[in-house]
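J.: My questions will all concern the structure given below.
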Amino acid sequence: MSASQPGPEPVEAELAFRSRRVLTPDGPRPATVTVTGGVITAVLPHDTPLPPATRLVDCGGDALLPGLVDTHVHVNDPGRAEWEGFWTATRAAAAGGITTLLDMPLNSLPPTTTAAHLAVKRDVAGPKAHVDTGFWGGAIPGNVKDLRPLHEAGVFGFKCFLSPSGVDEFPQLDREQLRQALTEIASFDGLLIVHAEDPAHLGSAPPAHGPRYADFLASRPRAAENDAINLLADLARELDARVHVLHLSSSDALPTISAARRDGVRLTVETCPHFLTLTAEEVPDGATEFKCCPPIRERENQDALWDGLAAGTIDCVVSDHSPCTTDLKTPDFGDAWGGISSLQLGLPAVWTAARERGHTLHDVVRWMSQAPARLAGLTAKGAIEPGRDADFAVLAPDETFTVDPARLHHRNQVTAYAGKTMYGVVRSTWLRGRQITDNGRIVEKAGRLIERNPA
Ligand SMILES: [Zn+2]
């Protein structure tokens, strides 16, 4: 080529991200991603010339991931904001590479069980949101009439429990109430998301007591999950309804799930970083920062969950970040509040275990960004491709760090991951083209409240 021949026409863009590892939906590749107005406009070859007016963010060898979408977060604000609030939770999310979170309907006061309660939550969350924030509604006894108004007000779906939730203002549904709620939700093709543990099995197991993890584990048997998931698969099939199983722990339920899906039943499933990275065998006595329901189970169960992810039977990996004040984490597994805090650590925790098991960063992005975005119908999130929001996490995947609770942004710095060394340092997080974190430091609050896309 002679010097007089014109090169390729430079592309117009406000902003461009260049990396040798851009995680596109087709896999990682060297690319330049252009952004205008907070939206991705093109994914171009790595060395595409840019006009001088374009601001270039050169990530070098760091990976450019679509921002993570965490559809399972308990923010507890207002009402139990001393456990966690929108200010602290969304900062922790941002520092961990999460750009969208959906808040669970319980543990706040009021719970998100009516459209009026949703309005209260939105008013509280709006000024505090550092990442894009949306809401699940709740299905409790007596609120069938509130489900459609909540749907129309923009919730992403409805959470229910089949066993006690842990808070009095959010009771579980019995079988008849479950059927009524799901019939109503199916009438507008909404989504029901379920804490799936059968109360009969929990009632006949020895109750949780004392500091020994083995006793706690025995109080939440796999059969409780397995039977609840059988029931949900049957109901989803019968009512042609969309049902999502929250925080799957029992790998014994995987054959039921895959059989239902093979038959076209609209059943989706998530699991959580703690089930994939922590095992019952390693929980010290009295270490109730590891307590959650359903519980962390044995190593052999964890291996089977990874197989379920690899096979595509499990769709998503989301945090179930559910904190409380430190005084509620007593050393007795019977009394302590159940919930694991991991919002800021989910990506490195899962990536560390995934790479050991031969999975790629592309797999992690599928489980933690693409699939949760699809579950929630978030068509602007979950992928690096033209037309989507310019939400990114810049990750140094081969760099390690050791978890220091003092560096976590969530309100009560209790975590089951303290002292663990992990692969994957989040260098920066970007929301609609704006940098919101820099090496764990918050630099801008740019979150918006989001609603379900009207179908
Ligand atoms: Zn939860």
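Derivation of every value follows stated rules applied to the coordinates shown; laboratory data play no part. Source: prediction; values computed, not measured. Cβ coordinates were reconstructed from backbone atoms using ideal geometry, including for glycine residues, and neighbour counts include every protein chain displayed.
J.: Contact order normalised by length for segment 403-455, with contacts defined as Cα pairs under 8 Å and 6 or more residues apart; what percent is it?
T.: Worked out over segment 403-455, it gives 20 percent.
J.: Once you have a ≥ b ≥ c as the square roots of the Cα gyration tensor eigenvalues for segment 186-318, tell me rounded if a/c is under 1.5, and otherwise prolate or oblate according to whether a/b is larger than b/c.
T.: Since a/c reaches 1.5 and a/b is larger than b/c, the shape of segment 186-318 is classed as prolate.
J.: Related question: What are the principal axis extents of the Cα atoms in segment 80-182, in Å, biggest first?
T.: The Cα atoms of segment 80-182 stretch 42, 28, 22 Å along the principal axes, largest first.
J.: Classify segment 100-160 as rounded, prolate or oblate, taking a ≥ b ≥ c as the square roots of the eigenvalues of its Cα gyration tensor: rounded when a/c is under 1.5, otherwise prolate if a/b is larger than b/c and oblate if not.
T.: It comes out prolate by the Cα gyration axes.
J.: So what are the ³J(HN,Hα) numbers for segment 220-228, from phi and the Karplus equation (6.51, -1.76, 1.60; θ = phi - 60°), rounded to whole Hz, Gly and Pro as x?
T.: Whole-Hz 3J(HN,Hα) from phi for segment 220-228: 10, x, 4, 4, 4, 5, 4, 5, 4.
J.: Could you give log10 I(q)/I(0) at q = 0.21 Å⁻¹ for segment 1-151, computed by the Debye formula over C-alpha point scatterers of equal weight, without solvent?
T.: Ignoring solvent entirely, the Cα scatterers give -1.17.
J.: Given a cut-off of 23 Å, name the pairs among K381/K445; K121/K159; K128/K381; K121/K291 whose C-alpha atoms lie farther apart than that in the structure shown.
T.: Going by Cα-Cα distance, K121/K291 fall outside the 23 Å limit.
J.: Which one, L68, A42, V155, is farthest towards the positive end of the dipole of segment 1-156 when Lys and Arg carry +1 and Asp and Glu -1 on their Cβ?
T.: It is V155.
J.: Now for a separate question. For V39, V365, V22, V75, what ranking results if the residue with the fewest other Cβ atoms within 10 Å of its Cβ goes first?
T.: In order of increasing Cβ crowding within 10 Å: V39, V22, V365, V75.
J.: If you don't mind, another one. Let a ≥ b ≥ c be the square roots of the eigenvalues of the Cα gyration tensor of segment 312-402; is it rounded (a/c under 1.5), or, if not, prolate (a/b larger than b/c) or oblate?
T.: The shape class here is prolate.
J.: Here's another thing I want to ask about it. For M422, M104, what ranking results if the residue with the fewest other Cβ atoms within 10 Å of its Cβ goes first?
T.: If I rank by nearby Cβ atoms, fewest first, I get M422, M104.
J.: When DSSP assigns beta bridges and you keep just the ones with both residues in segment 19-175, what percent turn out antiparallel, to the nearest 5?
T.: Percentage antiparallel, nearest 5: 40.
J.: Here's another thing I want to ask about it. Counting DSSP beta bridges in the chain, what percent are antiparallel, to the nearest 5?
T.: So the antiparallel bridges in the chain amount to around 50 percent.
J.: For a quick check: sort C293, C59 by the number of other beta carbons within 10 angstrom, fewest at the front.
T.: By the 10 Å Cβ count, ascending: C59, C293.
J.: Give me Rg over Rh for segment 140-235, both radii from the alpha carbons and Rh done the Kirkwood way, two decimal places.
T.: On the Cα set of segment 140-235, Rg over Rh gives 1.04.
J.: Continuing with this model, one more query. Over segment 159-265, what is the relative contact order in percent, taking alpha-carbon pairs closer than 8 angstrom and at least six residues apart?
T.: 28 percent
J.: Considering Cα pairs under 8 angstrom that are at least six residues apart, work out the relative contact order of the chain and quote it in whole percent.
T.: Dividing the mean separation by the residue count of the chain yields 21 percent.
J.: Then there's this: Report, to two decimal places, the Cα Rg of the chain normalised by 2.2 N^0.38 Å (N = number of residues).
T.: Relative to the 2.2 N^0.38 Å estimate, the chain comes out at 0.97.
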